[in-house]
Structures are given as C-alpha cells and as structure tokens.
Amino acid sequence: MLFHRSKKPLASFTLAAIGFSLCTALAAPLAGAQTQQCITVGFQGYRLIDPGVPISANSAVALPAGTVSITNALSSDSYPERINVTQSSERWDIQFLDAGGQVIATSAPTEDLADQTVSAVWQGSLGSVQLATDAAYVRAHHRPDLSPDNSKNSVDPIEATFCWTEAPPTTTAAPTTTAPATTAAPATTETPPTTSAPD
C-alpha cells in the first residue's frame with residue numbers, strides 16, 4: 001500500500017516594494033486560508049476478478065466528512081493472450097467505509113480498458129463523493145456488472161489519489177483579566193504639640 005501526503009495552500013500572495021525590483025513571495029498560506037490535503041492509496045497486488053476476488057482489502061485512511069475528490073485513478077490489465085480478448089467491463093469503483101466497516105459512499109467507476117491488446121492502462125478522475133461521516137477505509141470494488149458479457153473481466157486496480165479541503169484551525173483568544181485598581185492609603189502627618197515657655 002502506497003501513501004503520499006501533500007499540503008498545498010489554496011491562497012498565497014506576493015508583496016512588492018514600490019521602487020524596488022525585489023518581490024517577496026510568502027510561502028505560508030494567508031491567515032484563515034483553506035488548505036488542500038491529498039493522499040494516494042495503492043491497491044497493488046489485487047487482481048479483481050469475478051467470480052473470485054470482487055474487492056481488494058481495506059486500506060486504512062483518515063478522510064474527514066465532507067467532499068472528497070478522487071483523481072489519478074489508475075487501472076491496468078496485461079497478459080499475452082489478451083491480444084485476442086474482448087471484455088466490455090474491466091472496471092472498478094472505490095468504496096468508502098466507516099470505522100465499523102460499513103460502506104458509506106461509492107465513487108463513480110473507472111472506464112473500460114482497451115481490448116485486443118497485450119497491455120492496457122486507464123488513468124483518470126472518478127469525480128467526487130460526499131461523506132456524511134469520516135471514512136476510515138477505502139477499497140477497490142470490481143464492476144463487471146456494468147456491461148456484462150459472460151466473461152470474468154479481470155482488472156488490476158493500481159492506485160487512486162484522494163483530496164479534500166481542510167478548514168483553517170480556529171483559535172480562541174484567552175480571556176483577558178484586569179486587576180482591580182488599588183488606592184493608596186491617605187498619608188497621615190502628625191504635628192507635634194507646641195509648648196510655651198513659662199512666663
């Protein structure tokens with residue numbers, strides 16, 4: 001299983017000093033800007049075939065509830081005899097599961113692979129899904145039912161990239177406390193008694 005994580009700021013800006021040709025680019029995102037998170041999950045080692053292996057193993061992820069886009073889905077099939085084979089549904093989709101292993105969303109399927117060639121590859125987007133709750137796992141799910149042709153429609157799911165937008169962290173300022181004002185005690189001065197000399 002292959003994981004790749006990247007963090008890209010969706011907003012950045014450049015400050016230019018008037019009268020100078022030097023510009024300073026700020027690499028950090030603007031305060032309050034959203035960032036895009038992406039991970040790539042590999043499904044290598046699973047040849048989806050029906051009957052046989054209709055799904056891959058669950059791959060652990062941590063996808064938050066909300067909109068998740070699926071890009072760079074990669075699908076392939078290759079063997080010498082394939083040059084003479086026509087199959088109409090070498091396709092698969094991605095299932096999203098919660099921590100309890102229940103399917104909570106399913107992506108659009110991949111396209112069918114080209115026929116009558118020793119090796120075929122397809123790469124593209126599977127659109128986006130709306131997750132009502134966090135997804136703890138994803139898996140590749142075989143779809144020979146989309147264009148059934150009485151063949152096994154075996155296919156190798158390779159990988160897919162999942163991206164979502166992360167809201168900026170919220171910060172709460174600590175309450176400020178003001179110490180009560182203190183008043184100085186009034187100064188007291190004692191005048192010594194005056195004595196008169198005897199007459």
Residue 121 paired with residue 44, simple spin-label distance in nm, labels 7 Å along Cα-to-beta-carbon: 1.3
Paired Rg and Dmax values of the range 92-172, which use every Cα atom, in angstrom: 16.2, 62
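Can you give the FRET efficiency for residue 151 and residue 79, using 1/(1 + (r/R0)^6), R0 = 22 Å, r = Cβ-Cβ distance, to the nearest 0.05? Present the calculation step by step, with values, prior to reporting the outcome.
On the way: r = 14 Å, r/R0 = 0.62.
For R0 = 22 Å, the calculated efficiency reads 0.95.
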Residues in the range 39-72 that a label on residue 103 would reach, taking backbone N under 14 Å of a point 7 Å out along Cα→Cβ: 54-58
Net charge over other residues, Cβ less than 11 angstrom from the Cβ of residue 109 (K, R count +1; D, E count -1): -3
Solvent-accessible surface (1.4 angstrom probe) belonging to residue 137, in square angstrom, nearest 10: 80
Dimensionless Rg over Rh [the range 54-137; C-alpha; Kirkwood]: 1.07
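The values are calculated or read from the model by the stated rules, or taken from the named source; none is laboratory data. None of these values were measured; they are calculated from a predicted model. Note that each Cβ is placed from the backbone with ideal geometry, even for glycine, and that neighbours are counted across all protein chains shown. In case anyone asks, the SASA skips ligands and DNA or RNA and just uses the protein heavy atoms, side chains included. Shrake-Rupley method; radii C 1.70, N 1.55, O 1.52, S 1.80 Å.
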